[in-house]
1. Restrict the check to the stretch 86-97 and report whether at least one residue is surrounded by fewer than 16 Cβ atoms within 10 Å (Cβ to Cβ) and part of a strand (DSSP E or B).
2. Return yes or no: is Asp77 among the acidic types (Asp, Glu), over 16 Å from the mean Cα position of the chain (by Cα) and more than 20 Å from Lys103 (Cβ to Cβ)?
3. Being in contact (Cβ under 8 Å) with a residue 40 or more places away in the chain, surrounded by fewer than 16 Cβ atoms within 10 Å (Cβ to Cβ) and part of a helix (DSSP H, G or I) is the requirement here; does Glu21 meet it?
4. What is the one condition in (1) of a type in the set (Lys, Arg); (2) farther than 27 Å from Leu8 by Cα; (3) touching a residue at least 12 places away in the same chain (Cβ under 8 Å) that Lys76 does not satisfy?
5. Quick check on this structure: which one of Lys26, Lys53 is surrounded by 13 or more Cβ atoms within 10 Å (Cβ to Cβ), modelled with pLDDT under 95, over 13 Å from Leu102 (Cβ atoms) and not aliphatic (A, V, I, L, M)?
6. Scan the stretch 79-110 for residues that are aromatic (Phe, Trp, Tyr) and closer than 23 Å to Val10 by Cβ and jot them down.
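The values are calculated or read from the model by the stated rules, or taken from the named source; none is laboratory data. Remember, predicted model here, so these are calculated numbers, not experimental data. Note that each Cβ is placed from the backbone with ideal geometry, even for glycine, and that neighbours are counted across all protein chains shown.
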Amino acid sequence: MQHAEEDLQVRWLKLRIKLKEHFGIKPDMNGVLLLIGVQELGQGPQDFSKEQKQDLMHIAICTILSPGGYYILDGKDEEGWPHFTQLKALPDNNMFEQENLLKDHVLLYFSLMGY
């Protein structure tokens with residue numbers, strides 16, 4: 001278990017370094033989720049309100065957890081924002097385990113995107 005945890009952290013750090021090379025910043029989890037949300041919205045970079053940023057992070061979480069069967073995309077609203085339905089509850093993990101679940105799914109997302 002310890003080895004798998006170290007591998008996850010190493011892969012996470014490598015992803016953040018790649019993102020720094022591409023965007024000029026090494027984003028934390030919230031920054032990575034925001035990037036994914038903007039990517040999934042597909043409307044390009046723009047100035048988002050605080051509420052829109054929260055919505056973008058929600059889009060990202062739903063998107064990255066969809067392959068794990070947690071969410072399914074219902075479609076997009078008239079403004080082009082994706083909407084999801086939760087299919088099953090997230091595991092009842094502590095904060096550290098929840099972050100690792102997100103990291104694992106973020107890494108899968110970027111690998112599926114060819115990044």
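1. At the first step, the residues of the stretch 86-97 found to be surrounded by fewer than 16 Cβ atoms within 10 Å (Cβ to Cβ) are 86-97.
Checking the rest, the ones that are also part of a strand (DSSP E or B) come to 86.
Yes, some residue in the stretch 86-97 is surrounded by fewer than 16 Cβ atoms within 10 Å (Cβ to Cβ) and part of a strand (DSSP E or B).
2. Numbers: among the acidic types (Asp, Glu): yes; over 16 Å from the mean Cα position of the chain (by Cα): yes; more than 20 Å from Lys103 (Cβ to Cβ): yes.
Taking the combined requirement at face value, the residue satisfies it.
3. no
4. The failed condition is (3).
5. Working: Lys53 fails: modelled with pLDDT under 95.
Criteria check complete, one pass: Lys26.
6. Correct list: Phe96, Tyr109, Phe110.
One line per residue, one yes/no per condition, for (1) part of a loop (DSSP other than H, G, I, E, B); (2) at pLDDT below 95:
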site: His3; (1), (2): no, yes
site: Leu33; (1), (2): no, no
site: Ile36; (1), (2): no, no
site: Gln43; (1), (2): yes, yes
site: His58; (1), (2): no, no
